[in-house]
1. Within the range 67-96, can you find the residues that are open to solvent by 40 Å² or more (accessible area, probe 1.4 Å) and more than 23 Å from Ser195 (Cβ to Cβ)?
2. Leu216 passes all but one of (1) free of Cβ contacts under 8 Å to residues at least 24 places away in the same chain; (2) of a type outside the set (Lys, Arg); (3) under 18 Å from Val157 (Cα atoms); which number fails?
3. Any residue at all in the range 99-117 that's under 15 Å from the mean Cα position of the chain (by Cα), part of a strand (DSSP E or B) and under 30 Å from Arg47 (Cβ atoms)?
4. Assess whether Ala31 counts as being out of contact with any Leu (no Cβ under 7 Å at 6 or more places or on another chain), within 29 Å of Gly120 (Cα to Cα), surrounded by 13 or more Cβ atoms within 10 Å (Cβ to Cβ) and at pLDDT below 95.
5. Within the range 59-68, work out how many residues are free of Cβ contacts under 8 Å to residues at least 40 places away in the same chain and not in a loop (DSSP other than H, G, I, E, B).
6. Checking the structure you have, find out if any residue of the range 2-21 is open to solvent by less than 40 Å² (accessible area, probe 1.4 Å), part of a loop (DSSP other than H, G, I, E, B) and modelled with pLDDT under 95.
7. Give the residues of the range 42-58 that are in contact (Cβ under 8 Å) with a residue 40 or more places away in the chain, open to solvent by 40 Å² or more (accessible area, probe 1.4 Å) and under 23 Å from the mean Cα position of the chain (by Cα), sorted by residue number.
8. Name the single residue that is nearest to Asp95 (Cα to Cα) among those in the range 162-190 being among the polar types (S, T, N, Q) and crowded, with 18+ Cβ neighbours inside 10 Å.
Amino acid sequence: MNRTVIAAMVALALSFTVVAADPPAAAPGPAVTISLKDRHGHATPARRGFSHIGGGNIDVAQPSPDTIVITLTGVAVAGAHPCKDSSASMTFDLDQCLEVSIDNPKIKRGKLTIEGRVIGLLRSHKGGGKAEQGPAHAGISAGSVETVGLDLPSHCVTGGENLSINDRAGPVSVPVLAGEYHLHSCVALSASHPSTLRMCKAASSEFAPDPALDPLWISYWEPFHGAAKKDFGFQITIKVAPE
């Protein structure tokens, strides 16, 4: 190869400038966010006679800066006793302080949204017994004034009735300013059975994933055998966004 060709190839190679590509810019975070502050959460069990309680969990999760998910789960079971009445209950009460922050000065207000759902099973027996899921409430207040809230109805079975529950309320939204707010949530589960000499199945209020309910308290032939229980409980989802 002659020198002229070699020189032309070198000149062509030098004419190309290698430019390093800039790394892709990170996606901006949400303009309105929630921060978790102080919390007081209590699950109070009570039982008497031939009864069983399980769960009692209060889970507070924040999957993203603008979303909070709170799940309350528990089980109450009461069976037949020959000498005394039996009862079991699990009462939940949660107060969670939240701080709403608005990071973009062009945004003056945010929109706060709350929604809730209850999933679980109620069982009773013809020989007696009652199972109940009490009213479920969640509300967010500024100071002493509740700005937004939702309620899910109570359910009760007795005399051999059985019920699978999948209730939902919301979403409900309200405009908010930056500042502190308080979430208050409560729900109660209970089961009872009168004293009897008869062989009876237990009454149960089941609102928790396995293994909260000991399988010894229900038979293979129970009406909801094989039910998927991973989503059982009372769950509240709170989100914020620019109004």
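The values are calculated or read from the model by the stated rules, or taken from the named source; none is laboratory data. Since this is a predicted model, take the numbers as computed values, not measurements. Reconstructed Cβ throughout: ideal geometry from the backbone, glycine too, with neighbour counts over all protein chains shown. Heavy atoms of the whole protein, side chains included, go into the accessibility calculation; ligands, DNA and RNA do not. Shrake-Rupley method; radii C 1.70, N 1.55, O 1.52, S 1.80 Å.
1. As a first pass, look at the range 67-96 and keep what is open to solvent by 40 Å² or more (accessible area, probe 1.4 Å): 81-85, 91, 93, 95.
Across the range 67-96, the qualifying residues are Thr91, Asp93, Asp95.
2. Evaluating Leu216 over (1) free of Cβ contacts under 8 Å to residues at least 24 places away in the same chain; (2) of a type outside the set (Lys, Arg); (3) under 18 Å from Val157 (Cα atoms) leaves (3) as the failure.
3. Checked against the condition, which is being under 15 Å from the mean Cα position of the chain (by Cα), part of a strand (DSSP E or B) and under 30 Å from Arg47 (Cβ atoms), the range 99-117 yields at least one hit.
4. Numbers: out of contact with any Leu (no Cβ under 7 Å at 6 or more places or on another chain): yes; within 29 Å of Gly120 (Cα to Cα): no; surrounded by 13 or more Cβ atoms within 10 Å (Cβ to Cβ): yes; at pLDDT below 95: yes.
In short, no.
5. First, the residues of the range 59-68 that are free of Cβ contacts under 8 Å to residues at least 40 places away in the same chain: 59-65.
Right, trim to not in a loop (DSSP other than H, G, I, E, B) and you get 59-64.
Result for the range 59-68: 6.
6. Within the range 2-21, the subset open to solvent by less than 40 Å² (accessible area, probe 1.4 Å) is none.
The answer is no; no qualifying residue exists.
7. Within the range 42-58, His42, Thr44, Pro45, Ala46, Gly55, Asn57 qualify.
8. Initially, the range 162-190 is screened for residues among the polar types (S, T, N, Q), giving 162, 164, 166, 173, 185, 190.
Checking which are crowded, with 18+ Cβ neighbours inside 10 Å leaves us with 185, 190.
Values: Ser185: 7, Ser190: 22 Å.
Top of the filtered list is Ser185.
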